[in-house]
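The values are calculated or read from the model by the stated rules, or taken from the named source; none is laboratory data. Quick caveat: nothing in here was measured; it's all calculated off a predicted structure. Positions of Cβ are generated from backbone atoms using ideal geometry, with glycine treated the same way; all protein chains shown enter the neighbour counts. These area figures cover heavy atoms from the full protein model, side chains too; ligands, DNA and RNA do not enter into them. Shrake-Rupley method; radii C 1.70, N 1.55, O 1.52, S 1.80 Å.
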Amino acid sequence: MTASADNVGFHARRSARWRAAELVFWLALIAVGFLFPSRYLIMTDIVRIGLFALSLDLILGYAGIVSLGHAAFFGVGAYAAGLMALHGIVPEPVLALLVAGLAAGVLGFATSFLVIRGVDLTRLMVTLGIALLMEALAERFSNITGGTDGLQGIVMQPILGLFEFDIFGKVGFWYSVAVLFVMFLLARRIVHSPFGLSLRAIRNNPLRAAAVGIPVNRRLVAIYTLGAFYAGIAGALFTQTTQLASLDVFSFERSADLVLVLVLGGTGYLYGGLIGAVIFKILQEIFSTITPQYWLFWIGLVLVTIVLIGRERLERWVLYLPRQVMKLLRGSKPAGGGAA
């Protein structure tokens, strides 16, 4: 029993170690901020989408909770940040970011009991219904939300009283990167903890997880609330960096795009949402330039290709040349040259 527990602990600690590829990813993210100063706005959008996708990956990739209405929490965070800035309730952006995330987390906790009761199809419909309900409420109380016109006149205060948002998006980009990194570190710590291991057990076999003593419902409520908190942070980040909040933040298309991002990047390893966000925005830029009216068709074709060929096989094809280059750089041992 002890040996088994030690073995699980060893594998958990080993999987939690930072790998070279992870460091390369974050260094590359920092590098593009210096290499492409004219693209701050689109890079900020990629970072926001990546954080939003990370929030869905926490509940889908690690707990197996499917959702088509994750935009409900994104929208709550976006409007909370906008209203606090507009009325001077919490003028400091970082503090407002946390408050907006907590507001979305409260909604996630309140609705989690409905979501966890069903199976996949039921969960899809319930989550979609919650998002549609929030959009309808935002439109109904237009005196608060601004209705179809959205919130007007949002002015963000300097971050921590030091860094003022600029029209070029430089401060917004680095602010978004900092928020993403901090939230990623927290998510990474969570998924590699005993709590995260129990979520994987629930995703793989909830009946067996319950049989060994894991409180399945409480775990699902906790991770769903956490995913809502992350989505609220992403929504607040959207409002703070664009100084805009409209009914579009609750739209079904936003939730659907999020699912596409995770399909492109993969689920269950945190980086899937970040990589998927990069791929999605690059494909969107390329296809919308070629055929502005039909770019979704081409993205759909890419998704069909991934399904037909398989992600692992595509990764082998794409990484084949880089791996061969790495082998050449490392150098191979000459045949029969092992002895001096």
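Reported count of residues in the range 255-293, each being within 10 Å of the chain's Cα centre (by Cα) and part of a loop (DSSP other than H, G, I, E, B), is 1. Against the list (1) under 27 Å from Glu285 (Cα atoms); (2) in contact with a Pro (Cβ under 8 Å, 6 or more places away or on another chain), the condition Ala85 fails is (1). The set of residues in the range 88-118 being of a type outside the set (A, V, I, L, M, F, W, C) and over 30 Å from Glu164 (Cα atoms) consists of Gly108, Thr111, Ser112, Arg117, Gly118. Listed here are the helices (runs of 4 or more DSSP H) enclosed by the range 61-169 that have at least 2 residues being surrounded by fewer than 19 Cβ atoms within 10 Å (Cβ to Cβ) and hydrophobic (A, V, I, L, M, F, W, C): 93-115, 120-140. Scanning the range 170-190 for residues being of a type in the set (Lys, Arg) and open to solvent by less than 40 Å² (accessible area, probe 1.4 Å) gives a total of 1.
Tell me yes or no: at least one residue of the range 284-301 is within 25 Å of Met134 (Cβ to Cβ), among the aliphatic types (A, V, I, L, M) and buried (at least 18 other Cβ atoms within 10 Å of the Cβ). Looking for residues that are within 25 Å of Met134 (Cβ to Cβ), among the aliphatic types (A, V, I, L, M) and buried (at least 18 other Cβ atoms within 10 Å of the Cβ), one finds none in the range 284-301, hence no. Filtering the range 191-224 to residues that are touching a helix residue (DSSP H, G or I) at 6+ places or on another chain (Cβ under 8 Å) and open to solvent by 30 Å² or more (accessible area, probe 1.4 Å) leaves His192, Pro194, Phe195, Leu197, Ala201, Pro206, Arg208, Ala210, Val212, Ile214, Arg219, Ala222.
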